[in-house]
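Encoded as structure tokens, the structure appears first; notes follow it.
Read-outs: derived from the displayed coordinates by stated rules, not from any lab. Quick caveat, the model's predicted, so the values are computed rather than measured. Note: ideal-geometry Cβ built from the backbone for every residue, glycine included; neighbour counts use all protein chains shown.
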Amino acid sequence: MVNQVLIAARISELCRQQLIDRNLVLIDYDVLDFGKINKSAIQGIITSNKLVLNQVEIEKYPNLQWIGRLGSGMEIIDTVYCDQKGIRYFSSPNGIANSVAEHCVGMLLCLQHHISISFEQIKNQQWIRELNRGFELENKTIGIIGYGHTGMAFAKKLSVFTKNIIAYDAYKSDFSTNEVQEVSLQQLRQQADIISFHVPLNEETKYYYNANFMHMMQKNHIVMNASRGAVVDTSVLLQGLVNGKIVGACLDVLEEEKNIYSILQENENIIAELLKYNVIITPHIAGYSFNAIDKMCAELMGKLFD
């Protein structure tokens, strides 16, 4: 009987035990010689970004029944092929929403109030006050693109700091509340001092922030991205920083992530160029808190077995 689950993501101990209690044998992707796995015995797969499940990969598991995705983006799974083969698939967007929202608020406050840069100066025995005067969020208009789980969570956190929160979502409408005002994309480009992307990566959203988008922004602005790296064209971002159209950036993701280790070893690289400006970059950890992993696992177990 097929009763094995391939674990290609960090999961909580509770999740691991719940799977074992259902008489499932767990095969850890990281610790096993992957070539020796009996793929015909795999009933389910739990993955994050580590294992991309396109049609070619899925076909290697002839008895696969379900796929659990820790996180929100389903671009790593060929959902069309899964539908054709009757393979169930689930994501866990609620699990990361609060972690991403907190991380984004933290990056933005750090950028606006020069927290990280002044801290580095202190470590170098520099005490610089005038050049590190900050800007409060109270009078800034913050535009959120993509008003799903993380977009909503981010808006809720921001509502403590400002009442000027606007949001655009291509697939949702009538979501205005006391905390956020629904606007068109054109209105967002006209009003926003800060834009934050919370969208999946697909053909519509790849290079969503491109040269045309930048030029359509009425104000000099801050760019935030904690969704997927390729949503923002890095070369355009650097161009905007150079010419002053972009006055800062908070990035938890980069389109260069797949080759990030080799890129960072280069003497001249685009990441180093970005960091010459008012930019904060974190290593794709916004949704990677200890709490988020527990929440994602709990959400996934509920969808899989309840």
Problem set entry | Stretchable slack from ASN202 to LYS303, in nm (0.36 nm times residue separation minus alpha-carbon distance) | 34.0 nm
Exercise. Looking at region 95-281 from every direction and averaging, what is the projected area of its Cα convex hull in nm²?
Worked result: 11.4
Exercise. At a Förster distance of 45 Å, what's the computed FRET efficiency of GLU138 paired with ILE263, Cβ-Cβ distance as r, to 0.05?
Worked result: 0.75
Problem set entry | Sites THR282 and PHE175, calculated FRET efficiency, Cβ-Cβ separation with R0 41 Å, nearest 0.05 | 0.90
Problem set entry | Gain in span if fully extended, VAL56 to ASP30, counting 0.36 nm per residue against the direct Cα distance | 7.3 nm
Exercise. Hey, if you put +1 on the Cβ of every Lys and Arg and -1 on every Asp and Glu Cβ in region 184-306, which of LEU264, ALA211, VAL231 ends up farthest toward the positive end of that dipole?
Worked result: ALA211
For this session: Determine the alpha carbon to alpha carbon distance for each of LYS60/LYS303; LYS60/LYS85; LYS50/LYS258; LYS140/LYS245 and list only those over 20 Å.
Result: LYS60/LYS303
Seminar exercise, completed: In nanometres, the difference between 0.36 nm per residue of separation and the alpha-carbon distance of TRP127 and SER159 is 8.3 nm
Problem set entry | No Cys partner within the rule (Cβ under 4.7 Å), the chain | CYS82, CYS104, CYS110, CYS250
Seminar exercise, completed: For the pair TYR81 and ASP21, the simple spin-label estimate (label points 7 Å beyond Cα toward Cβ) gives in nm 3.4
Exercise. Do any trypsin sites (Lys or Arg not before Pro) in region 75-150 lie in a loop, going by DSSP, with at most 16 other beta-carbon atoms within 10 Å of their beta carbon, and if so which?
Worked result: ARG129, ARG133
